1. Determine, for SER154, SER144, the number of other Cβ atoms within 10 Å of each Cβ, and report the residues in order from fewest to most.
2. Net charge near VAL113, counting Lys/Arg +1 and Asp/Glu -1 over other residues with Cβ under 11 Å of its Cβ?
3. Run the helix sum for the chain: -39,500 (n - 2.57) per DSSP H stretch of 4+ residues, divided by residue count, reported at 222 nm to the nearest 500 deg cm²/dmol.
4. Calculate how steeply helix 2-22 sits against the longest principal axis of the alpha-carbon atoms of the chain, using the helix alpha-carbon long axis, and give the answer as 0 to 90 degrees to the nearest 10.
5. Taking the Cα centre as origin and putting +1 on Lys and Arg beta-carbons and -1 on Asp and Glu beta-carbons, what dipole magnitude results for the stretch 1-137, to the nearest 20 debye?
6. Given charges of +1 on the Cβ of Lys and Arg and -1 on the Cβ of Asp and Glu, with all other atoms neutral, how large is the dipole of the chain about its Cα centre, in debye to the nearest 20?
7. Does the stretch 157-248 come out rounded, prolate or oblate by the C-alpha gyration tensor, with a ≥ b ≥ c the root eigenvalues, rounded set by a/c under 1.5 and, if not, prolate when a/b is larger than b/c and oblate if not?
8. Looking at this model, which pairs from LYS149/LYS203; LYS185/LYS238; LYS206/LYS239; LYS185/LYS239 are more than 19 angstrom apart at the alpha-carbon?
Amino acid sequence: MGCCASKNADSKANRVARWRSTGIVALRDSKLKTFPDEVLDMERSVRTLDLTHNKIVDVPMDISKLINIQRLVLANNLIERLPMNLGKLQSLKVMTLDGNRITSLPDELGQLVRLERLSISGNSLAYLPETIGSLRNLLILSVSNNKLKSLPESIGSCFSLEELQANDNLIEDLPESVCNLKHVKSLCLDNNNVKQIPTNLLKECKALQNISLHGNPISMDQFQQMEGFQEFEERRRKKFDKQIDSNVMISSKGLDEGVDL
């Protein structure tokens with residue numbers, strides 16, 4: 001009994017020592033219901049924390065101790081809400097929260113000014129906070145499979161955004177501010193209720209190469225009549241040609257037009 005306890009203690013100590021030396025804590029599929037105390041006690045040592053596919057319900061307030069964390073992966077748990085002090089994780093660059101039960105994001109999300117990738121697909125979000133516009137370094141935003149009826153006007157202040165994935169929501173229209181996204185390359189809005197998009201979108205978003213609107217009540221005719229369509233089409237075809245040159249597989253339909261005909 002004493003021997004087994006000693007071995008377990010040694011094993012735990014070795015594990016923590018390894019985490020401290022690498023800065024990487026990976027506890028996927030570990031049947032966890034709460035955050036391990038030994039991880040929170042490591043504080044400044046943690047750079048990456050991956051707790052994918054557990055049964056965690058709550059993210060503790062003490063997560064604010066991990067002030068040097070850059071990558072937080074909590075996908076496929078049972079999380080319903082995030083703590084307000086999440087905004088104290090000022091070094092965070094990647095946050096993955098897919099496949100949980102989250103209904104809202106705290107306003108403090110906007111304090112994560114170094115965040116480059118936010119993925120929160122497969123939850124129950126009804127809206128995004130206006131403070132998301134403070135994420136000026138955000139490159140990729142994935143909010144597919146939620147209950148969003150709209151995107152906040154402040155989304156246009158995410159000036160670095162290159163990719164927006166918002167498939168399978170209830171979105172009816174896009175805010176005019178999306179025309180400010182000068183670096184956006186891909187807008188994915190399949191299976192929503194979008195009837196029209198901002199008239200200047202194709203004209204102003206000069207980096208846009210892909211826009212996907214399948215399963216929306218918008219016609220190809222509307223799309224083709226927008227100012228800037230020809231320039232957009234040229235960019236899209238150039239990207240397509242590069243894919244062919246790289247032997248990337250394409251569907252039997254060939255070049256996807258982006259909307260249902």
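Bear in mind that the values in this text are calculations on the coordinates, not laboratory data. Fair warning: this is a prediction, and the values are worked out from it, not measured in the lab. Heads up, the Cβs are rebuilt from the backbone with ideal geometry, glycines too, and the neighbour counts pull from every protein chain shown.
1. On the way: SER154 18, SER144 21.
Fewest-to-most Cβ neighbours within 10 Å comes out as SER154, SER144.
2. Working: positive: LYS93, ARG114, ARG136; negative: GLU116.
Counting the neighbours of VAL113, the net charge comes to +2.
3. Numbers: 5 runs with 51 residues, N = 261.
That calculation yields -6000 deg cm²/dmol at 222 nm.
4. So the inclination is approximately 40 degrees.
5. On the way: 20 positive and 15 negative charges, 94 e Å.
Here the stretch 1-137 has a charge dipole of around 460 debye.
6. Values: 34 positive and 34 negative charges, 245 e Å.
Roughly 1180 debye, rounded to the nearest 20.
7. On the way: a/c = 1.42, a/b = 1.31, b/c = 1.08.
Judged from the Cα gyration tensor, the stretch 157-248 comes out rounded (a/c under 1.5).
8. Working: LYS149/LYS203 25 Å; LYS185/LYS238 13 Å; LYS206/LYS239 14 Å; LYS185/LYS239 11 Å.
Pairs exceeding 19 Å: LYS149/LYS203.
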